[in-house]
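The values are calculated or read from the model by the stated rules, or taken from the named source; none is laboratory data. Bear in mind the structure is a predicted one, so any value in this text is a computation, not a measurement. Cβ atoms come from the backbone with ideal geometry, glycine included; neighbour counts cover every protein chain shown.
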Amino acid sequence: MPEMAVSQKKISPAIEETQKKAQKLGIQFVDLTGRQIPNDVLREISEEAAIFYQIVPFAKEGNVLKVGLLNPDDLKAQEALRFIALRAGLVPEIYALTQSDYENILKQYRNLKVEVWKALTEFSKELEEEKKREKVKKIAEKREEAKLVEAPISKIVAVILQYAQEGRA
């Protein structure tokens, strides 16, 4: 009886349509529903390229970059993907994906931007602190130099005063 429940599971029309399109084009279909894509994989294709060409990376295995295409029959998108992958020393593997999966992955790019912004903010704070420490260190060094320069002068003045006193006495 449980086997019937599995076989009667309804597939959304969008998934069904995308599966048929993939089969017709001779490529694989990927269902990325609820899947979180690692940031290092998202970085392989810029958000701008992902939006313009409607391509999103979803996995990286060795030198193979698995990429979902919203329109897998788009030759310009395929050409751009090959160029991007070759530049990174990767081999692209093309999959068809649904509109909703594509949009969900684009949202993950925005999360990546937030993380990068936080990291840059933290880095700039650390840089400012380092600059302050360097400034304090330079001020301390200048004070030491001033003491060293003043020391011989005050010593000379003290010796002259001492001779002057001894000479009168």
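Under the condition of being under 20 Å from residue 29 (Cα atoms) and of a type outside the set (A, V, I, L, M), which residue from region 85-99 is surrounded by the most Cβ atoms within 10 Å (Cβ to Cβ)?
It comes out as 98.
Among the residues of region 81-103, is there at least one that is of a type in the set (Asp, Glu) and over 25 Å from residue 116 (Cα atoms)?
Kept after step one, since they are of a type in the set (Asp, Glu), are these residues of region 81-103: 93, 101, 103.
If we keep only those that are over 25 Å from residue 116 (Cα atoms) too, we end up with 93.
Checking region 81-103: at least one residue is of a type in the set (Asp, Glu) and over 25 Å from residue 116 (Cα atoms).
Go through region 13-54 and give me each residue that's polar (S, T, N, Q), touching a residue at least 60 places away in the same chain (Cβ under 8 Å) and in a loop (DSSP other than H, G, I, E, B). Give the steps one after another, and end with the answer.
Initially, region 13-54 is screened for residues polar (S, T, N, Q), giving 18-19, 23, 28, 33, 36, 39, 46, 54.
Next cut, touching a residue at least 60 places away in the same chain (Cβ under 8 Å) only: 18-19, 28, 33, 36, 39.
Matches in region 13-54: 33, 36.
Conditions: (1) of a type outside the set (Phe, Trp, Tyr); (2) farther than 30 Å from residue 12 by Cα; (3) modelled with pLDDT under 85. Residue 110 meets all but one. Number of the miss?
(2)
Go through region 51-68 and report how many residues are surrounded by fewer than 21 Cβ atoms within 10 Å (Cβ to Cβ) and in contact with a Pro (Cβ under 9 Å, 6 or more places away or on another chain).
Count: 4.
Quick grid of which residues meet (1) touching a strand residue (DSSP E or B) at 6+ places or on another chain (Cβ under 6 Å); (2) in a strand (DSSP E or B); (3) surrounded by fewer than 17 Cβ atoms within 10 Å (Cβ to Cβ); (4) not polar (S, T, N, Q):
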{"residue": "83", "(1), (2), (3), (4)": "no, no, yes, yes"}
{"residue": "104", "(1), (2), (3), (4)": "no, no, no, no"}
{"residue": "107", "(1), (2), (3), (4)": "no, no, yes, yes"}
{"residue": "115", "(1), (2), (3), (4)": "no, no, yes, yes"}
{"residue": "124", "(1), (2), (3), (4)": "no, no, yes, no"}
{"residue": "134", "(1), (2), (3), (4)": "no, no, yes, yes"}
{"residue": "145", "(1), (2), (3), (4)": "no, no, yes, yes"}
{"residue": "156", "(1), (2), (3), (4)": "no, no, yes, yes"}
{"residue": "160", "(1), (2), (3), (4)": "no, no, yes, yes"}
